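The values are calculated or read from the model by the stated rules, or taken from the named source; none is laboratory data. Quick caveat: nothing in here was measured; it's all calculated off a predicted structure. Note that each Cβ is placed from the backbone with ideal geometry, even for glycine, and that neighbours are counted across all protein chains shown. In case anyone asks, the SASA skips ligands and DNA or RNA and just uses the protein heavy atoms, side chains included. Shrake-Rupley method; radii C 1.70, N 1.55, O 1.52, S 1.80 Å.
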Amino acid sequence: MRLSFVLLGLALPGMAAAQTAQPAPQVTLPTVTVTAQKEPADPQGLPVSVTTVPLDALWNGGMTTLGDASIYAPNAYFTDFTARKLSNPRFRGIGSSPANPAITTYIDGVPQLNTNSSSMEFLDVSQVEFVRGPQSALFGRNTLGGVVNVQSVRPSSTRWTGAALVPFGNDSAVDVRADASGPVGSKAAVGFAFGHSQRDGFTKNDVTGHDIDSRNGTFGKAQLLLTPAADWEARLIYTGERARDGDYALNDLASLRENPFHSSRDFEGHTNRDVQSTTFLARHAGKSMAFSSTTGLVHWKTDDATDLDYTAAPLLTRDNAEKDLQFTEEVRFSSAPAASIPLGRASLKWQAGVFLFTQHYDQDAVNMFQPFVLSPFIPVPVDQHSPLAALDDAGVGVYGHGTIAFTDRLDATVGARFDHENRKASLQTSFDPPIAPPVSVDAEKGFSNVSPQAALSFKVRPDDIAYVSVTGGFKAGGFNPASPAGQEAYNEEKTWNIEGGLKTAWAGRRVTANLAVFSIDWRDLQLNLPNQAVPGQFYIANVGGARSSGLEAEVNGRAREGLDLFATFGYTHARFDEGTTSSGVAVGGNAIPNTPNYTASFGTQVSHPLNPSLRLYGRAEVVLYGGFKYDDLNLAGQDAYSLTNLRFGVRGKSLFVEGWLRNAFDTHYIPVAFAYSPQLAPSGFIGESGRPRTFGLTAGVYY
């Protein structure tokens, strides 16, 4: 960490000098455009909290997943397991089950209705946006905590370009990524990208001496861009990923803290995932109105096997197969960028759209008990199907959104969205041999909601705005594939969010600084809870009310050409309301699980030319997380910790080589843990160690 402070200290005097001297006109922060409210816009002019991680930061920071990139967003926390299929985002204390997310990831405009398909490897990605606060008025269901927007690099229509890089690291890590794009005739362009990533596991099985949490994934992307006319555009994107990862690195929490990255189990499993998605985008830009269509087809399937007792004894294993097929279609109309509607002295910019979706999900999970485990009177192996489930979901959303400019300085934004969906469930639990009668549930339920939004923004100066917003958030109810009796269904979750903020830029836009304060009031909070009767199984339950409040601050600066600095800070106070109960236990006043009470990051990036064709560069960043609790009863948690990442190298006109360290000081932490049977985990919890220190070299070429 000392090196990061040294680099930051060297940069600060230059920053101070930049504020007193007249800034050079060409030295400014890069221009950023976001789609946080569906229309391309400058984030500094929007009444919403959004953090943008552009291609330059992704490239220079070595970011390959959403969890990696989230360190730049205040009050964002991703509970990532070693198996890449499980990555659960949480903003400002809001989060939930992978099957019913509170923060939806959009990849090229297509919502990922299950987080199993959202944590994809970054390949040909141009930008990631972390939009915090309810976005239900525009994006609808399951965005009451926010939205993550991932955008692919647009194929080059002027000349052929490309890049390839190969990082090598400890634990036999190899990561190959390459891309190329260029024009095909005068009205078309294509793009291709390919990647392969693998490493040994971090966790050793003391029974066999093997590492158990290895990773091995192959991924690709192909794009076709058509521009038949100046005002028409169509884009087809295919993405695929095949992951063949090792087992979960779970172990008893107390044992893990005493002996990190070790486990003892008689069975070593796997976690496999296959994802395929096809996206078709069409846009027409007329003189007075614009039209766009986004069509998405996503299919994923997973297969994982694990030693469910996580001990060296041959007691219990689990095979779990899941698959999902989703189809989404959104048609949107909006005023053209230069065609607002005059309203006397005011003017109106508007957008409206319709969204349709269907989703079919299947799961077959089999818990395999060895003789005498379930009972001393059952001397044979028993297979428990918990669950054999089929869930069908279909819905529609209709929304409208407008911004009225009363003067050059005062804007008012209003919007609302109506969502309706119908869910069907066929749920079965049975034993083989039939030691108990099977349980079958066939149910159907509908959910409807109107989500409003209102905001005022005032331009204090040309580059400074102050805003206040009131927004309603909505997350649909549904069915649990498996749960305790009587908990098969859960109801909607709703929030009201009040937010105020200030966005500023100064020194010729060499510095931007944003501040936001917020208060969130929950009703019928959905919580992902462990099923005490079935190890390793979770279900969603409505537990009552909660409240979250806090603040966020972000600063980005360019002291001079080749010297950038950034800092973020977020504070969240998220607690259950008095009178709230979870699994029959009072949790009022307890901290909401997996919510650090603060997040912070700061760092610098330095670049220095050696000659016209050769440049040295370095990047250092420190990330800090406050303490948090793992469970709703607040029985166990993680203390505050910090991570330091370093990267340094040399870059020529077409070649580069760099060295890197992540978690440079080898901080030990356990980012994810959950309650477990004390008969299997003496501490009552099992968890996974966070990523240890990794280091290596990367070489690459670009043109």
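For the chain, the ratio of Cα radius of gyration to the globular rule of thumb 2.2 N^0.38 Å stands at 0.96. Coordinate range of the alpha-carbon atoms in the stretch 358-446 per principal axis, descending: 80, 25, 15 Å.
Compute the helix-to-body angle for 2-20: its Cα long axis versus the longest principal axis of the chain, expressed 0 to 90° and rounded to tens. In the chain, helix 2-20 runs at an angle near 30 degrees to the longest axis. Within straight-line reach of Lys187, meaning a Cα separation under 25 Å, sit the following lysines at least 8 residues removed in sequence or on another chain: Lys221, Lys287. Across the stretch 121-211, the fraction of Cα-Cα pairs farther apart than 22 Å, rounded to a whole number, is 57%.
Our coupling estimate for the stretch 312-327, obtained by passing each phi through the Karplus curve with A = 6.51, B = -1.76, C = 1.60 and θ = phi - 60°, is 6, 7, x, 10, 7, 10, 9, 10, 9, 10, 10, 8, 8, 10, 10, 10 Hz, Gly and Pro reported as x. Of the residues Val176, Leu655, Ala76, the one whose Cα sits farthest toward the positive end of the charge dipole of the chain, with +1 on the Cβ of Lys and Arg and -1 on the Cβ of Asp and Glu, is Leu655.
Simple rule: put +1 on each Lys or Arg Cβ and -1 on each Asp or Glu Cβ in the chain, find the dipole, and look at Asn116, Phe695, Leu525; the Cα lying farthest toward the positive end is Phe695.
Can you say what percent of the DSSP beta bridges in the stretch 61-165, counting only those with both residues inside, are antiparallel? Round to 5.
Values: 15 of 20 bridges.
Taking every DSSP beta bridge with both residues in the stretch 61-165, the antiparallel ones total about 75 percent.
Judged by the gyration tensor of its Cα atoms, with axes a ≥ b ≥ c, the stretch 80-236 is oblate; a/c meets the 1.5 cut and b/c is at least as large as a/b. Per residue, the convex hull spanned by the alpha carbons of the stretch 131-170 comes to 140 Å³. Here the Karplus relation 6.51 cos²θ - 1.76 cosθ + 1.60, evaluated at θ = phi - 60°, turns the backbone of the stretch 28-45 into coupling constants of 9, 5, x, 5, 10, 10, 10, 10, 4, 10, 6, 8, x, 7, 6, x, 6, x Hz, with x for every Gly and Pro.
Based on a Kirkwood Rh over C-alpha pairs, give the Stokes-Einstein translational diffusion coefficient of the stretch 290-366 at 25 °C and viscosity 0.890 mPa s in µm²/s. Intermediate values should be presented prior to the final figure.
Working: Rh = 17.1 Å.
Stokes-Einstein gives a translational diffusion coefficient of 144 µm²/s.
What is the magnitude of the charge dipole of the chain about its Cα centre, with +1 placed on the Cβ of each Lys and Arg, -1 on the Cβ of each Asp and Glu, and no other charges, expressed in debye to the nearest 20?
On the way: 56 positive and 68 negative charges, 579 e Å.
Dipole size: approximately 2780 debye.
For the stretch 625-637, backbone phi angles converted through the Karplus equation (6.51, -1.76, 1.60; θ = phi - 60°) give residue-by-residue couplings of 10, x, x, 8, 9, 7, 9, 5, 7, 6, 7, 8, x Hz, Gly and Pro being listed as x.
Just the accessible area per residue of the stretch 543-620, please: how many Å² with a 1.4 Å probe? Provide the component values of the computation, followed by the final result.
Values: 3260 Å² over 78 residues.
For the stretch 543-620, the per-residue accessible area is 42 Å².
At 4 °C and a viscosity of 1.567 mPa s, what translational diffusion coefficient does Stokes-Einstein give for the stretch 81-134, taking Rh as the Kirkwood radius over Cα pairs? Give it in µm²/s as a whole number. After rounding, the answer is 108 µm²/s. I'm checking a number: the convex hull volume of the Cα atoms of the stretch 266-397, normalised per residue, in Å³. What is it? Taking only Cα atoms, the stretch 266-397 has a hull volume of 158 Å³ per residue.
Distance from the alpha carbon centroid of the stretch 646-686 to that of the stretch 247-287 works out to 14 angstrom.
Ignoring ligands, DNA and RNA, what percent of the 1.4 Å accessible area of the chain is carbon and sulfur?
Numbers: 17150 of 28100 Å².
Ligands and nucleic acids excluded, carbon and sulfur reach 61 percent.
Under 5 Å between amide hydrogens, built in the peptide plane, is the criterion, and for Ala636 it picks out Tyr630, Asp631 among residues at least 5 positions away or on other chains. Summing charges over neighbours of Ala285, with a neighbour being any other residue whose Cβ is under 15 Å away from its Cβ, gives +3 when K and R count +1 and D and E count -1.
Give me the net charge for the shell around Val166: Cβ to Cβ below 11 angstrom, other residues only, Lys and Arg +1, Asp and Glu -1.
Values: positive: Arg177; negative: Asp175.
Here the charged neighbours net out to 0.
When the dipole is taken about the Cα centre of the stretch 627-684, and only Lys, Arg (+1) and Asp, Glu (-1) are charged at their Cβ, what size is it in debye, to the nearest 20?
With only Lys, Arg, Asp and Glu charged at Cβ, the dipole is about 460 debye.
Trypsin sites (Lys or Arg not before Pro) within the stretch 313-416: which are DSSP loop residues with at most 16 other Cβ atoms inside 10 Å? Intermediate results must be reported in sequence, preceding the final value.
On the way: sites: Arg318, Lys323, Arg332, Arg345, Lys349, Arg409; in loops: Arg345, Arg409.
Listed in order of number, the matching sites are Arg345, Arg409.
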